[in-house]
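The structure under discussion appears below in the form of structure tokens.
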Amino acid sequence: MESIAVNNLSFGYTEHKVIDKLNFTVAKGELIIIVGENGSGKSTLLKLILGELKPQSGSVRLMGKKLEELNNFQEIGYVPQMNVVNKIPFPITCLELVTLNLYNDFGLIKIPKREHRKKGREILHRMGLDEYINIPFNELSGGLQQRVMIARAMINNPKIMILDEPTSGVDEESKDNFIDLIQELNYEYNITVVLVTHEIDWVKERLELDHIYRIEDGGLKDVGI
Ligand SMILES: Nc1ncnc2c1ncn2[C@@H]1O[C@H](COP(=O)(O)OP(=O)(O)O)[C@@H](O)[C@H]1O
Ligand SMILES: [Mg+2]
């Protein structure tokens with residue numbers, strides 16, 4: 001079964017179609033990257049896949065289900081672009097940020113309980129972030145923030161992980177760590193990974209990719225590995 005199946009998808013913010021009858025599938029367990037010029041529609045495509053934008057025509061299925069039938073959206077991990085992440089407008093520790101992503105389990109009174117914080121600590125530990133548990137997220141470097149955002153997505157045991165230009169503005173060493181982590185998510189946890197990046201050569205050297213797609217004129221082309 002396909003993790004992601006996009007069928008004849010079209011969308012535009014104006015009468016100009018950013019995504020134009022786009023077809024695309026990602027098989028379970030694949031690791032793929034999407035590249036393309038600035039403004040070519042990469043983030044728009046991800047938002048359509050995640051249900052943040054509504055298609056004007058066509059459909060998206062995740063794990064065989066239409067978006068509206070998917071009852072556990074938390075199975076989809078999303079790491080947004082850095083500039084968005086940075087703008088968390090209130091002080092929050094790494095543990096709080098990660099634990100809050102369990103909100104579907106919080107029950108009627110929507111606050112995290114001891115068991116949720118325990119899970120939060122465990123995932124931060126697994127991501128090598130023990131020493132940052134009680135540090136305010138906003139005080140971390142870009143590289144560490146990205147790592148925390150992955151932990152945040154990982155706490156729900158996602159089957160699919162979608163990352164939008166995760167290495168922009170991240171220093172070289174953190175970038176190396178980060179890319180190892182992505183490979184590990186795919187290898188060890190068998191998570192389907194969709195990574196949007198502009199660093200095609202750099203990523204190609206470091207990841208075992210199944211496909212490279214280029215977004216162009218509203219469509220996706222498999223450009224080979
Ligand atoms: N919220 C929006 N309203 C209007 N136009 C938008 C909006 N977001 C993106 N666009 C336009 O849609 C096109 C694709 O943008 P985007 O998906 O962000 O591209 P990419 O992520 O590949 O850089 C661009 O021309 C961009 O200016
Ligand atoms: Mg973008």
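The values are calculated or read from the model by the stated rules, or taken from the named source; none is laboratory data. Source: prediction; values computed, not measured. Here the Cβ positions follow ideal geometry from the backbone for every residue, glycine too, while neighbour counts run over all protein chains shown. Please note that ligands, DNA and RNA were not included when accessible areas were found on the heavy atoms of the full protein model with its side chains. Shrake-Rupley method; radii C 1.70, N 1.55, O 1.52, S 1.80 Å.
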Taking the stretch 1-29, which residues are of a type in the set (Asp, Glu) and part of a loop (DSSP other than H, G, I, E, B)?
15
All-but-one check, residue 31 against (1) away from ligand 2 (no atom under 16 Å from the Cβ); (2) free of Cβ contacts under 8 Å to residues at least 24 places away in the same chain; (3) of a type outside the set (Gly, Ala, Ser), failing number (2)
Tell me yes or no: at least one residue of the stretch 136-159 is open to solvent by less than 40 Å² (accessible area, probe 1.4 Å) and farther than 17 Å from residue 94 by Cα.
yes
How do the strands (runs of 3 or more DSSP E) wholly within the stretch 127-225 filter down when requiring 2 or more residues that are over 17 Å from the mean Cα position of the chain (by Cα): which remain?
211-216, 219-222
Name every residue in the stretch 30-45 that is open to solvent by less than 20 Å² (accessible area, probe 1.4 Å) and part of a loop (DSSP other than H, G, I, E, B), in order of residue number.
36, 41
Looking at (1) in contact (Cβ under 8 Å) with a residue 60 or more places away in the chain; (2) open to solvent by 10 Å² or more (accessible area, probe 1.4 Å); (3) in contact with a helix residue (DSSP H, G or I) (Cβ under 6 Å, 6 or more places away or on another chain), which is the only condition residue 164 fails?
(2)
